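Engineer: Below: one structure in structure tokens.
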Amino acid sequence: MPNDTGGPAVLRPPADDVLDTTALGRYVRWLAAERGRVFSSYDELWRWSVDDLEGFWSSIWDHFGVRGTYDTVLGDRDMPGAQWFPGATLNYAEHMLGLPEDADRTAVIARSQTRGPVELTFAELTDQVARARAGLRRLGVGRGDRVVGFLPNVPEALVAFLATASLGAVWASCAPEFGARSVIDRFAQIEPTVLVTVAGYTYGAKEIDKTAEVAAVRAGLPTVRHVVGVEYGPHRVPDALSWDDLLSQEGSGTETEPLTFEAVPFDHPLYVLFSSGTTGLPKAIVHGHGGILLEHLKSGAFQLDTRPGDHVLWFTTTAWTMWNIIISGLLHRAAVVLVDGNPLYPDLTEQWRIAAGTGVSLLGTSPAYLMSCRKEGIEPACEVDLSKLRMLGITGSPLPDEGFEWAQEQFGDRVLVNSMSGGTDVCSGFVAGNPWLPVYRGEIPGPCLGVDATAFDPDGHEVVGELGELVIRKPMPSMPVRFWNDPGDERYRSSYFEVYPGVWRHGDWVVMSSRRTFVISGRSDATLNRGGVRLGTAEFYSVVEELPEVADSLVVHLEDSGGGPGELLLFVALSDGAELDDALRARIRGALRTELSPRHVPDDIRVVPAVPRTLTGKKLETPIKQILRGRPPAEVISADAVSDFSAVAAFAMSDAGEGDDA
């Protein structure tokens, strides 16, 4: 928790030459030279960025040389419905593919367990996008049509997306590990006309045949007129146009078309991202060309310090917003490293080996992975060559204090440990580190530029040093254009603006310090309330999962409708060979009591075979709570939206596991 009584020790201070060597520093110098604005600290810069939205976002447009013109930055600032850059036209894909001088620069480095390495220059990537664009046009795709990809994280997914965007058509993607029902639940909402898909892939040592799922998806999407099959592994998509034929001009009756870009309004749909869909039909979140372009220019440079010639890698799938974020490294003329397969095969060191082999400057991963490496005694900086690594990006869940310390021990001040939090909802971060801020143990260093992030109490007052709701008080260009098929924006409004009218409530509990650092304490709909004191679930996990016997955990509070303390249940998945005996129970309770408080001590500790998670790795706290209240799992959780639905069964039984008499 942020410490306001003197503050925690700084693990890594900003470098003395930070404004001379970083992308953020280049922007600060540009502001001084071009706008006459001089800032002596990040806090000053951030305050200006949220106090003067017009000045800040126009500077992003001009500093990065967005191709297009505008008269007004913010036509309407009310949320929801803020109107950004009315009248401006542009195209996101045009900015991704570079200028003639970038032609020989590396754009894509792909590594896969299904096929050999692939690398593309910006010229080669541009050529493939031009061919794919022409192929989609031959299939009748035009402005506003939807193209969807059931694809792994491979270059073809990137090419198909950029070709779609260049036409002013709308993209959406799902990873091939999704079940057919999950894919249909997502894609059917937007009524696509073209499906691009693989028929299988290799995951570690396993060959996965997805032909049955592809057939089911086709049957469940009656609007699809054309299917394009990407050859990937031994399996083939029957009755489909091959990817090579889509890109081929032979037999088309036309000469190769020049690559052009449809100029579209600022808020024209670029892609649709989907929420997890664990408790109902996934939200179809529409993002616009202009909002995503400006946000990713800003966040890629200032949060992630992406520079021309860098190699950037985030372990993700095409179903997670991090895919959309990391491929935007192309905006900064960095090479994007696309990895498909099991990132833990053949062992935990594989992610570090891939990072070393591709020479990445930015490596994005998860707290769970880092904590596993720590637990197993892996020393990546000693075991592989990570000399080019400048930043370690971490998101998906809170990074425990010990994770910060482990990373600092491994890399020292040479690598910035950048813990960040945001969401699919804005396809970016709200709070994050950057080179101009110090890294404190266990804390996210501050709000991102242009993001008026703070913590509110239930009455809508800002709170410092205590648990509150993460809110955004002013609009951001990358807030959703809308939800697809949401008449009157009713679902959109209820998702973010129902609790605090005119203020975005994200759904995370946070503690904000007087230094405006943040600690994410878990989802607010899963936060525990014992005796009037709110407890963040992330606090439990950071303590319990430090024990070598505990592989994973999940905590739920079942409130007492009569006003009593209720029941606090802790579920643990044990490491191989471990047993939940009296000694381990005592150690768990003792650790929670000592490191957190007596209120954190569970009433019952139960063993489960595994902790169910969404396909992007988030624990199913709220759905499990509903199941423990007696709701059938099928009513609460979509089986295809969960990594291991069989793990839910242990929670569906009220007497699951061996109880612990509190």
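Engineer: Examine region 69-81 for a residue that is buried (at least 19 other Cβ atoms within 10 Å of the Cβ), closer than 29 Å to Ala157 by Cα and within 27 Å of the chain's Cα centre (by Cα), and state whether such a residue exists.
Structural biologist: The answer is no, given that none of the residues of region 69-81 is buried (at least 19 other Cβ atoms within 10 Å of the Cβ), closer than 29 Å to Ala157 by Cα and within 27 Å of the chain's Cα centre (by Cα).
Engineer: Another question, then. If Glu262 meets every condition in (1) at pLDDT 95 or above; (2) in contact with a Phe, Trp or Tyr (Cβ under 9 Å, 6 or more places away or on another chain); (3) not in a helix (DSSP H, G or I) apart from one, which number is that one?
Structural biologist: (2)
Engineer: Would you list the strands (runs of 3 or more DSSP E) that sit entirely within region 550-644 and hold 2 or more residues that are over 31 Å from the mean Cα position of the chain (by Cα)? Lay out the reasoning, then the answer.
Structural biologist: Working: elements: 550-558, 567-574, 604-607.
Correct list: 604-607.
Engineer: With the requirement that a residue be hydroxyl-bearing (Ser, Thr, Tyr), in a helix (DSSP H, G or I) and closer than 21 Å to Leu246 by Cα, what does region 162-205 give you?
Structural biologist: Here is the first cut: in region 162-205, the residues hydroxyl-bearing (Ser, Thr, Tyr) are 164, 166, 173, 182, 193, 197, 201-203.
Imposing the further condition that a residue be in a helix (DSSP H, G or I) reduces the set to 164, 166, 182.
The answer is Thr164, Ser166.
Rundown of residues vs (1) buried (at least 20 other Cβ atoms within 10 Å of the Cβ); (2) at pLDDT 95 or above, yes/no style:
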| site | (1), (2) |
| --- | --- |
| Gly359 | no, yes |
| Leu363 | yes, yes |
| Pro367 | yes, no |
| Leu389 | yes, yes |
| Pro400 | yes, no |
| Phe404 | yes, no |
| Gln408 | no, no |
| Val417 | yes, yes |
| Pro435 | yes, yes |
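Engineer: Looking only at region 307-317, decide whether some residue is of a type in the set (Val, Ile, Thr) and crowded, with 24+ Cβ neighbours inside 10 Å. Walk me through how you get there before you give the answer.
Structural biologist: Step one: filter region 307-317 for residues of a type in the set (Val, Ile, Thr), giving 312, 316-317.
Now restrict to residues that are crowded, with 24+ Cβ neighbours inside 10 Å: 312, 316.
Taking every residue of region 307-317 in turn, at least one turns out to be of a type in the set (Val, Ile, Thr) and crowded, with 24+ Cβ neighbours inside 10 Å.
Engineer: Name the residue that is surrounded by the most Cβ atoms within 10 Å (Cβ to Cβ), counting only residues in region 84-135 that are in a strand (DSSP E or B) and free of Cβ contacts under 8 Å to residues at least 24 places away in the same chain. Outline the logic, then answer.
Structural biologist: Initially, region 84-135 is screened for residues in a strand (DSSP E or B), giving 84, 89-90, 106-112, 118-121.
Right, trim to free of Cβ contacts under 8 Å to residues at least 24 places away in the same chain and you get 119, 121.
Working: Glu119: 15, Thr121: 17.
This residue is Thr121.
Engineer: Checking Val511 against (1) outside any strand (DSSP E or B); (2) out of contact with any helix residue (DSSP H, G or I) (no Cβ under 9 Å at 6 or more places or on another chain); (3) buried (at least 16 other Cβ atoms within 10 Å of the Cβ); (4) not basic (Lys, Arg), which single condition isn't satisfied?
Structural biologist: (1)
Engineer: Do any strands (runs of 3 or more DSSP E) lying entirely in region 290-403 carry at least 2 residues that are within 24 Å of Ala160 (Cβ to Cβ) and touching a residue at least 60 places away in the same chain (Cβ under 8 Å), and which ones are they?
Structural biologist: On the way: elements: 311-314, 335-340, 362-365, 391-394.
Counting at least 2 such residues, we get 311-314, 335-340.
Engineer: Every residue in region 450-493 that is surrounded by 15 or more Cβ atoms within 10 Å (Cβ to Cβ), in a loop (DSSP other than H, G, I, E, B) and of a type in the set (D, E, K, R), please.
Structural biologist: Answer for region 450-493, where residues must be surrounded by 15 or more Cβ atoms within 10 Å (Cβ to Cβ), in a loop (DSSP other than H, G, I, E, B) and of a type in the set (D, E, K, R): Asp452, Arg473, Lys474, Asp486.
Engineer: Looking at Ala205 and the list (1) of a type in the set (A, V, I, L, M); (2) at pLDDT below 95; (3) within 27 Å of Thr126 (Cβ to Cβ); (4) surrounded by fewer than 19 Cβ atoms within 10 Å (Cβ to Cβ), which single condition is not satisfied?
Structural biologist: Failed condition: (3).
Engineer: Right, next: Taking into account only those residues within region 611-662 that are among the basic types (Lys, Arg) and modelled with pLDDT of 80 or more, which is farthest from Ser276 (Cα to Cα)?
Structural biologist: Taking region 611-662 and keeping what is among the basic types (Lys, Arg), we get 613, 618-619, 625, 629, 631.
Still in the running and modelled with pLDDT of 80 or more: 613, 619, 625, 629, 631.
On the way: Arg613: 10, Lys619: 11, Lys625: 17, Arg629: 22, Arg631: 20 Å.
Among them, the one singled out is Arg629.
Engineer: Answer with yes or no whether Val426 is on the phi < 0 side of the Ramachandran plot, of a type in the set (Val, Ile, Thr) and in a loop (DSSP other than H, G, I, E, B).
Structural biologist: Working: on the phi < 0 side of the Ramachandran plot: yes; of a type in the set (Val, Ile, Thr): yes; in a loop (DSSP other than H, G, I, E, B): yes.
So Val426 passes the test.
Engineer: Continuing with the same structure: Looking at Leu386, Leu330, which one is over 23 Å from Ala9 (Cβ atoms) and over 19 Å from the mean Cα position of the chain (by Cα)? Let's see the steps before the verdict.
Structural biologist: On the way: Leu330 fails: over 19 Å from the mean Cα position of the chain (by Cα).
Residue meeting the stated conditions: Leu386.
Engineer: Has region 170-183 got at least one residue that is crowded, with 24+ Cβ neighbours inside 10 Å, modelled with pLDDT of 95 or more and over 22 Å from the mean Cα position of the chain (by Cα)?
Structural biologist: Taking every residue of region 170-183 in turn, none turns out to be crowded, with 24+ Cβ neighbours inside 10 Å, modelled with pLDDT of 95 or more and over 22 Å from the mean Cα position of the chain (by Cα).
Engineer: In region 592-610, how many are within 26 Å of Tyr369 (Cβ to Cβ) and at pLDDT below 90?
Structural biologist: Adding up the residues that qualify gives 4.
Engineer: Report yes if Phe497 is touching a Pro at 6+ places or on another chain (Cβ under 8 Å), at pLDDT 95 or above, within 29 Å of Trp84 (Cα to Cα) and surrounded by fewer than 20 Cβ atoms within 10 Å (Cβ to Cβ), otherwise no. Steps first, answer last, please.
Structural biologist: Values: touching a Pro at 6+ places or on another chain (Cβ under 8 Å): yes; at pLDDT 95 or above: yes; within 29 Å of Trp84 (Cα to Cα): yes; surrounded by fewer than 20 Cβ atoms within 10 Å (Cβ to Cβ): yes.
Taking the combined requirement at face value, the residue satisfies it.
The values are calculated or read from the model by the stated rules, or taken from the named source; none is laboratory data. Quick caveat: nothing in here was measured; it's all calculated off a predicted structure. Please note: Cβ atoms are built from the backbone with ideal geometry, for glycine as well, and neighbour counts cover all protein chains shown.
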